[in-house]
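Enquirer: Dropping a structure here in structure tokens format, bear with me for questions.
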Amino acid sequence: MFKFFNFSIKFVIIFSVFILLFAFSTLWYFSIGLPDYKKLSNYQPPISSRVYSKDGKLIAWGSHKYCLGHGGTAGGHQGNVFQEEKRWLEWGRDISERKDLIYIALVDTDIEKEYNALKEEFDNPQGNLWVVNHVELQKRLIY
């Protein structure tokens with residue numbers, strides 16, 4: 001009985017050490033190419049639309065998606081479009097240090113359910129998060 005208990009304790013210790021080494025080595029391996037989180041807070045998206053005022057000052061960044069569903073429902077990659085825009089707006093709201101800019105999610109779609117959910121969660125016409133289509137964007141920028 002004592003030999004079995006002794007073996008069990010040694011096995012658990014060795015197995016735990018192995019699991020810890022495996023976990024840390026996996027984290028280290030996958031974190032090599034990741035940027036520092038401080039760099040992410042100052043991130044400037046390379047592929048975005050920029051909106052400038054008359055005097056040349058940057059006032060907004062925009063992301064544009066065009067998404068047509070089948071019968072007005074999301075399927076296939078259409079659901080990803082709304083997830084990408086949600087991540088874009090969350091980044092603008094939570095991570096970016098540029099709170100002076102407007103973050104525009106320009107979504108032209110016939111999928112009203114997902115569009116309205118995104119708009120309800122993020123759209124703030126007086127704030128710095130906009131969820132709009134082309135017509136709404138023109139109205140907000142002109143008026």
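Enquirer: Do we find a residue being modelled with pLDDT under 65 and aromatic (Phe, Trp, Tyr) anywhere in segment 59-76?
Expert: Looking through segment 59-76, none of the residues is modelled with pLDDT under 65 and aromatic (Phe, Trp, Tyr).
Enquirer: Among the residues of segment 100-114, which ones are more than 26 Å from Tyr52 (Cα to Cα) and surrounded by 19 or more Cβ atoms within 10 Å (Cβ to Cβ)?
Expert: Selection gives Ile111, Glu114.
Enquirer: Would you please list the contacts, defined by Cβ atoms under 7 Å and residues six or more apart or on different chains, that run from a residue in segment 132-143 that is touching a residue at least 12 places away in the same chain (Cβ under 8 Å) to a residue that is of a type outside the set (Gly, Ala, Ser) and part of a loop (DSSP other than H, G, I, E, B)?
Expert: Sorted first by the residue in segment 132-143, then by its partner, the pairs are Arg140/Pro125.
Enquirer: Regarding Ser48, is this residue under 16 Å from the mean Cα position of the chain (by Cα), crowded, with 18+ Cβ neighbours inside 10 Å and modelled with pLDDT under 85?
Expert: So Ser48 fails the test.
Enquirer: Here is a follow-up. Is it fair to say Glu97 is at pLDDT 85 or above and either surrounded by fewer than 17 Cβ atoms within 10 Å (Cβ to Cβ) or outside the structural domain of Lys57 (by TED's automatic domain parsing) (or both)?
Expert: Here the answer is no, as Glu97 does not meet what is asked.
Enquirer: What is the one condition in (1) modelled with pLDDT under 75; (2) surrounded by 10 or more Cβ atoms within 10 Å (Cβ to Cβ) that Phe18 does not satisfy?
Expert: Evaluating Phe18 over (1) modelled with pLDDT under 75; (2) surrounded by 10 or more Cβ atoms within 10 Å (Cβ to Cβ) leaves (1) as the failure.
The values are calculated or read from the model by the stated rules, or taken from the named source; none is laboratory data. As the structure is a computational prediction, the values presented were derived from the model and not from experiment. When we count neighbours, we look across all protein chains shown, and the Cβ atoms used for this are built from the backbone with ideal geometry, even at glycine.
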